[in-house]
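A.B. asks: Below is one structure. I have some questions about it.
Every number in this text was worked out from the coordinates using simple rules, so none of it is lab data. Quick caveat: nothing in here was measured; it's all calculated off a predicted structure. Quick reminder, even Gly has a Cβ in these numbers, built from the backbone with ideal geometry, and neighbours come from all protein chains shown.
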C-alpha cells in the first residue's frame with residue numbers, strides 16, 4: 001500500500017491526513033471559485049505527495065459519477081448558454097455543474113491518495129491512539145479470520161443446499177444458517193483467545209507509534225493557511 | 001470504549017463476518033443486478049452486527065464491529081469506498097444508540113435494526129450533498145419534477161412512493177433485528193457462550 005516515492009520519507013501519516021483534511025475542508029467550505037481552488041490544491045498535493053491518487057481517474061465509475069453531477073445540471077433552467085432547437089443548456093446549470101464536479105473531483109483525488117498511500121493498519125493505529133484502543137488488534141484478527149470464515153460460509157451454504165435447504169420455510173433456513181455460522185465463528189474465536197492467552201498476549205498494549213514525516217508539521221501549517229485563504233476568497 | 005481480549009477477538013470475528021458478507025454477497029447481488037441489493041446487504045450486515053452485540057454486551061461493541069467492517073472494506077477494495085464505509089459506520093452507530101437506549105432484548109434489537117436501516121434511504125442524499133454541495137439537491141429536485149411531469153404523476157404519488165420505500169426499509173430492518181435476536185439466542189444456547197465482558 002505504501003508508495004516507494006521520495007515523498008514517502010518526507011511526509012508521514014499525519015502529513016497525509018493533513019492533505020486529506022485540507023482538501024475536504026477547502027472543498028466542503030467553499031462554493032463558486034473556491035471549488036476550483038480546492039481542485040487545484042488537490043491536484044498539486046496529488047502530484048507532490050500521492051501520485052497513486054490519479055489511478056482513481058482510470059476507474060469508469062469515477063467519470064460516471066462526475067457525469068451524473070454535470071449533465072443533469074445543464075438542463076436546470078435559467079438563462080440559456082447555448083443550444084439547438086428544443087435543447088437548451090442552462091448557463092447557471094453549467095456553472096453549478098462545474099462547481100459540483102470540481103468539488104467531487106477534489107475530494108475523490110484526496111481520498112484516493114490517502115487510501116493508496118496509508119496502510120489500513122496505520123489508520124487503525126491512529127484510531128487506537130485517539131480513543132478507540134484495541135481496534136487495530138481487532139482489525140488484525142478480522143483480516144486473518146476473513147478467509148477462514150469465508151470458507152466456513154461456503155461450506156455451510158453447500159451443505160445446506162445439498163440437504164434441501166431453502167425449498168420451504170425459507171426464513172427458518174436463513175436462521176439455521178446464521179446459527180451454524182455464528183457458532184462456528186465463535187468456536188474459532190475461542191481458539192484465537194486461547195492461543196493469545198497461551199502466548200501471554202493481552203489487549204492492554206500501548207498503541208503503535210504514529211510515524212511522523214520530516215515535513216509533516218510544516219506541511220500541516222502551510223495547508224491550514226491555504227485553506228483559510230481559500231475560504232476568504 | 002475499552003474492551004478485553006475476548007471482546008476484541010469477538011469484535012474482529014463479527015467484523016470479518018460482515019466484511020466477508022459485503023465482499024461475497026455484495027459482489028454477487030450487484031453483479032446479478034438484483035433490485036434492492038443495497039437493502040438486502042444492509043439487512044444481512046445489520047443482522048451479523050446485532051448478533052455480535054449480543055455476544056459482546058458492552059457499550060460501543062456494535063459501533064466497533066462497524067468500524068472494523070468499514071476498515072476491512074477499505075483494505076480489501078482499496079480506495080474510493082468512502083461512501084459505503086460511511087454508511088456502515090453510521091448504521092452501526094445508529095443501531096448502537098438504539099440498543100443502548102432500548103436495552104439488549106428482542107424489542108431493542110427489532111427497533112435498532114428498523115431505525116438503522118432508515119439510514120440507507122437518506123445516505124445518498126447526505127453523502128452527495130457533502131461531496132458535491134447543496135446544488136446537487138436542486139438538480140435532483142428538478143430531475144424528479146421533470147420525471148413526474150413526463151409520467152403525468154402528482155405530488156401525492158411521489159409521497160406515497162417515498163412512504164412505501166421507507167416502510168420497506170423499516171420492515172427489513174425490523175426483520176433483521178428479530179432474526180439477529182433469534183439466531184443469536186440459538187447460537188448462545190448451542191455454544192454456551194454468552195460473553196461476560
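A.B. asks: Is there a simple number for the mean count of other chain Cβ atoms within 10 Å of the Cβ of residues in A:192-198, and what is it?
C.D. replies: 3
A.B. asks: Related question: Order of A:232, B:143, B:46, A:65 from fewest to most other C-beta atoms within 10 Å?
C.D. replies: Taking fewest neighbouring Cβ atoms as first place, the list is A:232, B:143, A:65, B:46.
A.B. asks: Nearest 10 degrees is fine. How inclined is helix B:82-102 to the longest principal axis of chain B, computing both from alpha carbons?
C.D. replies: Result, in degrees: 60.
A.B. asks: Taking the 0 to 90 degree range and rounding to the nearest ten, how far is the long axis of helix B:61-77 tilted relative to the main principal axis of chain B, both from C-alpha atoms?
C.D. replies: 70 degrees
A.B. asks: Can I ask one more? Is there a simple number for the mean count of other chain Cβ atoms within 10 Å of the Cβ of residues in B:178-191, and what is it?
C.D. replies: Details: counts 2, 4, 3, 0, 5, 10, 3, 1, 7, 9, 4, 2, 6, 9.
Taking all residues of B:178-191 together, the mean is 5.
A.B. asks: Normalised by the number of residues in chain B, what is the relative contact order in percent for Cα pairs under 8 Å and 6+ residues apart? Let's see the in-between values first.
C.D. replies: Values: 232 pairs, mean separation 58.1, N = 197.
Relative contact order of chain B: 30 percent.
A.B. asks: Taking 30 Å as R0, compute the FRET efficiency from the Cβ-Cβ separation of residue B:158 and residue A:58 and round it to 0.05. Mind dumping the intermediate values first?
C.D. replies: On the way: r = 38 Å, r/R0 = 1.26.
So, using R0 = 30 Å, E works out to roughly 0.20.
A.B. asks: Oh, and also: Compute the long axis of helix B:106-116 from its Cα atoms, compare it with the longest principal axis of the Cα atoms of chain B, and write down the angle in degrees, 0 to 90, nearest 10.
C.D. replies: So the helix axis and the longest Cα principal axis differ by about 40 degrees.
A.B. asks: Cα centroid distance between region B:104-182 and region A:138-188, in Å?
C.D. replies: After rounding, the separation between the Cα centres reads 30 Å.
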